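The values are calculated or read from the model by the stated rules, or taken from the named source; none is laboratory data. Just so it is clear, the model here is predicted, and its values are computed rather than measured. For neighbour counting, all protein chains shown are included, and Cβ atoms are generated from backbone atoms with ideal geometry for every residue, glycine included. Protein only, heavy atoms only, side chains kept; ligands, DNA and RNA dropped before computing areas. Shrake-Rupley method; radii C 1.70, N 1.55, O 1.52, S 1.80 Å.
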Amino acid sequence: MKNSFLILLCLAVLGAFPSALAQKNVRLQGNVSGLGTAMIYLKKTDNSNSKPLIVDSTRAVDGKFSFSRSIPEVDFYNVVAAGLPGQVQFIWDGDLTLEGTRDAFRESEIKGSALTDSWLKFQNEVDRPYRDVLMDLYNERQRASNDTAVASRVVREEKRLKQEQIQKVAQQIRAKPDSQLSLYLLNWYWNQFPKADARAMYDKLNPSFKSHSLARRLQNQLK
């Protein structure tokens, strides 16, 4: 009886331990000059259905505000200020600060997040240059709407640029399987790879990411 009790106790502890580890207490402190007493909304996307959710709200005091939460997993969140355009998006992986101004709220800086820094670096080096060149090509095609030679060249350049971008994405995922950013990149771009290649990249990601809600959805898509 004593041994049975000890076994049951150990199983109960082991069953509770992962759920305790899953919760992470984090804080976001904001300081936006000129913001005044605007309402601030904390939002995130539900990874199971891609629906945006308001998960918390507060009112700024002299442009300062804070959110404290116990989150089940590291993930993307964004902050929206009532009456201001745009949003500030970040990966909540620890205690962070948000600093900016009312007139350029969407350009506010997130400090303290290594994952957010990696994501912004990817945007600046891979994603944004691709989009900027594409926009120039589309504008050129619009200006020469009756020129079939221009239209054909734009199609060829668009295809070439897209292939270059996908190659860079794949290189990053394969080079950094221990970065959670690789999970996000694969989730965004998986359908632009052959499914076998996407599945191989997924299989090589750090096993700790496989329990993430985003990974569970990705698993079903890659079947």
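What to note about this one:
- Each Lys and Arg Cβ is given +1 and each Asp and Glu Cβ -1; about its Cα centre, the range 73-223 then shows a dipole of about 800 debye.
- Exceeding the 30 Å Cα-Cα cut-off - candidates LYS24/LYS195; LYS44/LYS121; LYS111/LYS159: LYS24/LYS195; LYS111/LYS159
- Local electrostatic count, THR58, Cβ distance below 15 Å [Lys/Arg +1, Asp/Glu -1]: +3
- Degrees, to the nearest 10: 2-22 long Cα axis against longest axis of the chain: 30
- The chain: calculated mean residue ellipticity at 222 nm from DSSP helix runs of at least 4, using -39500 (n - 2.57): -15000 deg cm²/dmol
- For the chain, alpha-carbon Rg and Dmax in angstrom: 22.2, 88
- Label positions at SER208 and LYS195, each projected 7 Å from the Cα along the C-beta direction, are separated by 3.1 nm.
- Nearest 10 degrees, 0 to 90: helix 128-143 Cα axis against the chain principal axis: 30
- The HN-Hα couplings worked out from phi for the range 117-125 by the Karplus form 6.51 cos²θ - 1.76 cosθ + 1.60 (θ = phi - 60°) are 4, 5, 5, 5, 4, 4, 4, 6, 9 Hz, whole numbers, x standing for Gly and Pro.
- Per residue accessible area of the range 140-209, 1.4 Å probe, in Å²: 62
- Environment charge at LEU214 (Cβ cut-off 10 Å; Lys +1, Arg +1, Asp -1, Glu -1): 0
- Distance between the range 135-152 and the range 45-107 - C-alpha centres, whole angstrom: 39
- Other residues with beta-carbon under 12 Å from the beta-carbon of GLU140 carry, at +1 per Lys or Arg and -1 per Asp or Glu, a net charge of -1.
- Over the range 84-180, the ratio between the Cα radius of gyration and 2.2 N^0.38 Å evaluates to 1.44.
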